[in-house]
1. Just one of 160, 170 is closer than 16 Å to residue 130 by Cβ and surrounded by fewer than 21 Cβ atoms within 10 Å (Cβ to Cβ); which is it?
2. If you take the residues of the stretch 104-134 that are within 21 Å of residue 8 (Cα to Cα) and touching a strand residue (DSSP E or B) at 6+ places or on another chain (Cβ under 8 Å), which of them is surrounded by the most Cβ atoms within 10 Å (Cβ to Cβ)?
3. Which helices (runs of 4 or more DSSP H) does the stretch 211-302 wholly contain that include 3 or more residues that are surrounded by 14 or more Cβ atoms within 10 Å (Cβ to Cβ), of a type outside the set (Val, Ile, Thr) and touching a residue at least 40 places away in the same chain (Cβ under 8 Å)?
4. Keeping to the stretch 138-180, report how many residues are touching a Phe, Trp or Tyr at 6+ places or on another chain (Cβ under 9 Å), not in a helix (DSSP H, G or I) and not aromatic (Phe, Trp, Tyr).
5. If we scan the stretch 82-103, do we find a residue that is open to solvent by 10 Å² or more (accessible area, probe 1.4 Å), at pLDDT 95 or above, assigned to a helix (DSSP H, G or I) and of a type in the set (S, T, N, Q)?
6. Give the stretch 218-250 a look and list any residue that's at pLDDT 95 or above and among the aromatic types (Phe, Trp, Tyr), or say none.
7. Would you check which residues across the stretch 56-81 are without any contact (Cβ under 8 Å) to a residue 40 or more places away in the chain, of a type in the set (A, V, I, L, M, F, W, C) and not in a strand (DSSP E or B) and list them?
8. With the requirement that a residue be out of contact with any Leu (no Cβ under 9 Å at 6 or more places or on another chain) and either closer than 12 Å to residue 147 by Cβ or open to solvent by 20 Å² or more (accessible area, probe 1.4 Å) (or both), what does the stretch 174-192 give you?
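The values are calculated or read from the model by the stated rules, or taken from the named source; none is laboratory data. None of the values given here were measured: they were computed from a predicted structure. Using ideal geometry, Cβ is built from the backbone for each residue, glycine included, and neighbour counts are taken over all protein chains shown. Note: areas computed on protein heavy atoms with side chains; ligands, DNA, RNA excluded. Shrake-Rupley method; radii C 1.70, N 1.55, O 1.52, S 1.80 Å.
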Amino acid sequence: MDIRFDDQVAIVTGAGNGLGRAYALELARRGARVMVNDLGAARDGTGRSDAAESVANEIRELGGEALADGSDVSDFAQMEALAARVMEAWGGIHVLINNAGILRDRTFAKMEPNDFEAVIRVHLLGSAFATKAVWNVMREQRYGRVLMTTSASGMGGNFGQANYGAAKLGVVGLANTLRLEGAKYGIRVNSIAPAAGTRMTEDIFPNSAFDAFSVEHVVPAALFLVSKDAPNGEIVSAGAGVVQGGWVTMGDGVLLRPEERSVEGVAAAWERIAAQGPGQPVHNGLEQAHHMLALLGRARES
């Protein structure tokens with residue numbers, strides 16, 4: 001089955017280089033009209049360039065339709081203007097890939113508050129602002145596909161990336177809620193954790209690994225997650241030809257007897273509490289309370 005995006009309009013943020021550029025080009029090859037958004041900044045978010053226009057020109061040379069935009073995702077008014085420009089040009093917005101990002105890596109002890117805030121603003125608020133700008137359009141047309149970009153650094157932490165890790169797990173929480181709120185309007189929201197050799201990861205991957213971790217190996221999973229038959233609320237890791245499902249899980253837990261409900265009781269039961277058995281994915285914030293009520297019910301019956 002050939003997965004196509006004919007008659008669809010896609011916005012890709014951070015599309016001037018690396019993964020975003022690869023997403024934009026492949027969406028265009030598969031029939032989408034593409035708004036290429038990129039501030040054109042350096043890896044730390046400073047400076048500007050015409051990177052977006054360069055990618056839009058590539059798409060046009062391939063025979064596709066594209067527009068370029070240099071708006072800042074961390075400015076909601078600019079994202080609203082971007083969405084309005086897309087609607088004026090093409091009359092709909094079907095796909096949004098939130099890919100824009102910056103890095104300001106330092107240990108937490110040395111990290112200035114403005115470096116923490118800058119990364120949060122681009123990754124987390126930028127994803128929220130871009131999505132908010134297109135959300136009502138998608139609701140009204142009763143169709144939409146949104147892809148957030150998370151990271152293993154958010155799910156597992158990474159030395160020197162307190163700001164980045166906080167933002168990247170934050171977008172998972174954002175995606176999980178929007179997945180619930182958008183479902184009845186035909187909107188599906190997923191997250192991808194890419195492992196790719198880009199300017200964002202040039203300090204992590206050795207030169208010999210760049211070919212194995214080419215951005216092209218991430219594109220198939222990303223585009224599946226914004227296709228018509230996409231799942232909803234999934235976290236997918238992709239890189240070097242490996243595609244993995246990811247989950248936020250909770251263990252079964254321990255129902256403490258009344259006499260055990262103390263600090264000492266928690267300490268005594270800690271090994272059982274923290275046991276990593278076959279945890280269950282958390283699909284809704286209410287599931288925590290529901291699970292606790294189920295444990296209480298079973299205890300009463302026994």
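1. Values: 160 fails: closer than 16 Å to residue 130 by Cβ.
Result of the check over 160, 170: 170.
2. Ranking the qualifying residues of the stretch 104-134, first place goes to 127.
3. On the way: elements: 219-224, 263-268, 270-273, 287-301.
So the answer is 219-224.
4. The qualifying residues number 7.
5. Within the stretch 82-103 (the criterion being open to solvent by 10 Å² or more (accessible area, probe 1.4 Å), at pLDDT 95 or above, assigned to a helix (DSSP H, G or I) and of a type in the set (S, T, N, Q)), the answer is no, since none of the residues qualifies.
6. Passing the criteria: only 224.
7. 56, 59, 62, 77, 81, listed by residue number.
8. Initially, the stretch 174-192 is screened for residues out of contact with any Leu (no Cβ under 9 Å at 6 or more places or on another chain), giving 176-186.
176, 177, 178, 179, 180, 181, 183, 184, 185, 186, listed by residue number.
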